[in-house]
Amino acid sequence: MTRFVPITENEDDARPSKTALKKQAHEQQALGEALAALPQTRLATIDMPAALRDALHEYQRTRSHEGRRRQRQHIGKLMRQADIAPLQEAVAQAQLGRAEATLALHRAEHWRVELVADDEALTRWLAEHPGTDAQQLRSLIRNARKDTALPPEQRHGRAWRELFQFLKPVLVPADE
């Protein structure tokens, strides 16, 4: 009598499932879309195959829905042969850069409100940013306070904008 020996490791077990392959293809297409959303200057610095770079450029130029869909699929196909780690890192860096710039704008807005509301905020600002033109900053704060004291229908907001434009270069990174 022959004994039945179950096979524990099958060749099919080593291959990914069809669902896993589809998921991977969709992820690659999404990464391709994110890459295509980057500006050309940033794309030029990323190490990728020339065919993929050309396909991304073509995707950016394509306007029809169906054309973009097919180009996304083509990009996903090209990404199967590319090393996607540097591509993912480039997209993550771009997203992080936008988030940091937004945070810096929020900090500038916070400082503007504090400077207009409190005299002590000016002292803190000058301590944190010693290279600031204190005379010009005081003048901008004074003008913003005058504008704030006016009734809402008479306010122009120019002094608020000027104060923000003065604070922004100090707080927002120069490369954004």
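Since every read-out is calculated from the coordinates, none of them should be taken as a lab result. This is a predicted model, so every value here is computed, not measured. Glycine gets a Cβ as well: all are built from the backbone with ideal geometry, and neighbour counts include every protein chain shown.
Annotations for the structure displayed:
- Which label in (i) 27.2, 93; (ii) 28.0, 97; (iii) 27.5, 102 gives the computed Rg and Dmax of the Cα atoms in Å: (iii)
- Around the Cα centre of the range 105-147, unit charges on the Cβ atoms of Lys, Arg, Asp and Glu (plus for the first two, minus for the last two) sum to a dipole of about 140 debye.
- Contact order normalised by residue count of the range 100-171, Cα under 8 Å, 6+ apart, percent: 43 percent
- In percent, rounded to a whole number, the relative contact order of the chain is 21, using alpha-carbon pairs under 8 Å and six or more apart.
- Relative contact order of the range 18-82, pairs being alpha-carbon contacts under 8 Å that are 6 or more residues apart, as %: 47 percent
- Listed peptides 112-121, 127-136, 143-152 by packing density, highest first (mean Cβ within 10 Å): 112-121, 143-152, 127-136
- Exposure proxy shown here: for 102, 19, the number of other Cβ atoms within 10 Å sets the order, fewest to most, as 19, 102.
- With Cα atoms as the point set, the radius of gyration and Dmax of the range 29-120 evaluate to 18.6, 60 Å.
- Within a straight-line Cα-Cα reach of under 24 Å, residue 18 can be paired with the following lysines, leaving aside sequence neighbours fewer than 8 residues apart in one chain: 77.
- Where Rh is the Kirkwood radius over Cα pairs, Rg/Rh for the range 18-82: 0.97
- Of interest is the spacing of the C-alpha centroids, which for the range 125-163 and the range 107-122 amounts to 9 Å.
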